[in-house]
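Participant: I have a structure I would like to understand better, so I am pasting it below and will then ask my questions one at a time.
Here, each number is a calculation from the coordinates, and none is a lab measurement. Everything quoted here is computed from the prediction, not taken from an experiment. Here the Cβ positions follow ideal geometry from the backbone for every residue, glycine too, while neighbour counts run over all protein chains shown.
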Amino acid sequence: MLGVQLGELLDGTPSGVDEALGLVDGFDEALVHGFGRLGEERGAALGALAGALQGSPLGRPVGEAVEKVAAGSVADEHLAALAGARSAVFGAVHDALLGRLDDALGRERARWDEPQKAVDVPENLLSGARSWLGEVAIAGWRGVDHDLVSASDQTVEALLAEPRLRRLAVLLDGLAAELRASCPVATMDRLPARRWADLWARGALLARAGYAGGPSGTVSGRLLPLGVDVHEHGTAVRIEVHGVLEPSGGAPRLVRTGVAVAKVDTIVGPAVWQLLGRYPVLMNALAGRRSLDVRDLPLLDGHLVWDESRAEAGEAAEPFATARVMLAGALAPAVPPLDRHPVRISEPVLLEGYAVDGTTWELDGHRIDVDVERLPSCGPLTPELVAASSACIGLVRWDGGRWTLQPLAVQATVKKKPVEAHTGDWALGATDPKVVKAVAKSGDVVAVLQERAGRLLRK
């Protein structure tokens with residue numbers, strides 16, 4: 001990423017972004033107090049959202065929905081229209097920001113093609129999900145209590161039993177868990193209003209009949225990993241591998257793949273990689289910095305659905321060499337409509353020749369903030385190593401009204417010796433002697449928990 005590219009990216013926010021986000025803030029404030037008791041000010045905020053969409057296909061249904069909700073008549077189709085309106089505004093912001101990023105990088109992006117057929121799922125399950133989300137919207141976040149959260153249990157259980165609705169099931173399960181942990185919400189000083197509204201709106205749209213989904217085809221070729229983004233929570237960990245795919249008979253393209261597993265909150269640091277032991281092909285490739293030969297992997301909106309039986313380790317593949325040679329010309333995937341949200345922007349880039357000033361990097365007079373708080377505890381990357389770097393593969397993100405860089409791999413000089421570190425280097429276990437010693441001293445948490453679980457099962 002050259003200085004001129006960085007300058008083009010950071011040169012102001014696209015026109016209309018701040019105003020659009022202001023409309024979303026008004027919607028989210030209305031959802032905090034509930035659509036069942038809007039009041040004049042919050043009703044006006046929903047009216048402003050409807051006004052912004054006049055002239056679009058959503059203009060009429062959203063206008064009608066706002067009128068009905070303001071009059072105290074909240075029906076399923078009205079909530080769907082409001083959720084669609086909020087998502088459409090965020091989609092416009094996403095497209096403006098991603099367009100700015102693509103223009104700065106000179107990156108070509110594939111065109112979005114609507115899937116030919118929708119997923120056929122049981123309507124009664126979708127209806128149950130919409131009913132609970134409707135109750136939440138009427139009550140508002142401030143009106144959520146244990147009874148309202150518990151009302152979702154049966155619906156979530158039924159959704160989890162249907163593989164075709166796993167995305168909706170996990171979303172509702174997660175939202176219910178956060179609300180349960182926050183009950184009674186009315187006593188909270190501050191609410192994660194935007195996050196909860198994001199989950200509510202996405203759930204309301206996923207719960208509509210005819211939602212299109214499923215793999216768009218399969219691909220074969222050579223996958224060259226660039227870096228690993230680790231998403232770790234108390235009860236789950238997911239790794240997302242960003243890479244360049246050289247498909248058989250096609251041009252290189254940017255793709256992602258990943259796997260996820262459940263965990264307990266006592267498993268942290270390098271121990272989380274042990275939970276991913278069922279994926280030896282992927283883990284060996286990450287730790288050994290090797291390519292992967294894949295065959296007939298399902299491709300879903302630029303995401304490769306990982307299958308160990310359809311992949312095998314290839315030759316050594318240096319991620320920085322891949323980034324320097326192939327990253328600029330790789331075709332970026334199209335973004336599906338429901339994923340068009342600014343917080344979901346995470347595009348791989350290569351930066352070299354920058355000057356480090358704390359957590360800010362400067363390149364040809366242009367500065368970008370480096371988000372070291374996203375560095376996972378399960379890898380060798382540390383804020384000190386990042387600060388000593390001279391080259392970095394990272395993800396450009398837009399969050400909190402600004403562009404930031406999340407490092408995935410760095411090249412640095414430490415004690416006059418060249419050092420290279422990647423997030424996935426410890427996929428087969430820590431290699432730093434100090435970390436290995438500390439882990440040995442604290443004991444193998446995963447092995448202890450497995451032994452205890454086995455003992456309980458035997459009883």
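Participant: Would you kindly derive the ³J(HN,Hα) couplings of the range 386-403 from the backbone phi angles with the Karplus curve 6.51 cos²θ - 1.76 cosθ + 1.60 (θ = phi - 60°), listing them in order in whole Hz, with x for Gly and Pro?
Facilitator: 4, 5, 8, 7, 10, 8, 8, 9, x, 10, 7, 10, 10, 8, x, x, 8, 7
Participant: From the helices alone, meaning DSSP H stretches of at least four residues, give me the mean residue ellipticity at 222 nm for the chain, per-run term -39500 (n - 2.57), in deg cm²/dmol to the nearest 500.
Facilitator: -13000 deg cm²/dmol
Participant: Give me the orientation-averaged projected area of the Cα convex hull of the chain, in nm², one decimal.
Facilitator: 24.6
Participant: For Val343 paired with Arg278, estimate the spin-label separation in nm (one decimal), with each label point 7 Å from Cα along the Cα-to-Cβ line.
Facilitator: Label at Val343, label at Arg278, 2.8 nm between them.
Participant: Assuming R0 = 41 Å, can you tell me the calculated FRET efficiency for the pair Val268 and Glu123, based on Cβ-Cβ distance, to the nearest 0.05?
Facilitator: It comes to 0.45.
Participant: With all distinct Cα pairs included, what does the Kirkwood hydrodynamic radius of the range 89-248 come out to in Å, to one decimal, could you say?
Facilitator: About 18.7 Å, per the Kirkwood formula over Cα pairs.
Participant: Enumerate the amide H contacts of Ala317 below 5 Å, restricted to partners 5 or more residues apart or on another chain; note that Pro and chain-start residues carry no placed amide H.
Facilitator: Long-range HN contacts for Ala317: Arg290, Ser291.
Participant: What order, most packed first, do the peptides 53-59, 299-305 have when packing is the mean number of other Cβ atoms within 10 Å of each residue?
Facilitator: 299-305, 53-59
Participant: Count the net charge of all other residues whose Cβ sits under 12 Å from the Cβ of Asp357, scoring Lys and Arg as +1 and Asp and Glu as -1.
Facilitator: Here the count lands on -1.
Participant: Pulled fully out, how much extra length does the chain show between Asp357 and His233, if you take 0.36 nm times their separation in residues and subtract their Cα-Cα distance?
Facilitator: The Asp357-His233 span can extend by a further 41.6 nm.
Participant: Can you sort Met326, Met188 from fewest to most other Cβ atoms within 10 Å of each residue's own Cβ?
Facilitator: Neighbour counts put them in this order, fewest first: Met188, Met326.
Participant: If you average the sequence gap of Cα pairs under 8 Å that are 6 or more apart and divide by the length of the range 12-106, what percent do you get for the contact order?
Facilitator: 32
Participant: Amide H to amide H under 5 Å from Leu304: which residues, 5+ apart in sequence or cross-chain, H placed 1.01 Å off N in plane?
Facilitator: Arg256, Thr257
Participant: Within the chain, which DSSP H helices have Cα atoms that stretch 30 Å or more along the helix axis and a mean Kyte-Doolittle hydropathy of at least 0.0?
Facilitator: For the chain, where a helix must reach 30 Å along its axis and average at least 0.0, the hits are 76-105.
Participant: What does the highest-first list of 221-234, 355-368 look like by mean Cβ count within 10 Å?
Facilitator: Packing order, densest peptide first, comes out as 221-234, 355-368.
Participant: Kirkwood hydrodynamic radius for the range 118-211: how many Å is it when counted over pairs of different Cα atoms?
Facilitator: One decimal place: 13.3 Å for the Kirkwood radius.
Participant: So if I take the centroid of the Cα atoms in the range 79-135 and the same for the range 1-76, what is the distance between those two points in Å?
Facilitator: If we compute the Cα centre of each part, the gap is 15 Å.
Participant: Moving to a separate point now. Counting Lys and Arg as +1 and Asp and Glu as -1, what is the net charge of the other residues whose Cβ lies under 9 Å from the Cβ of Leu223?
Facilitator: -1
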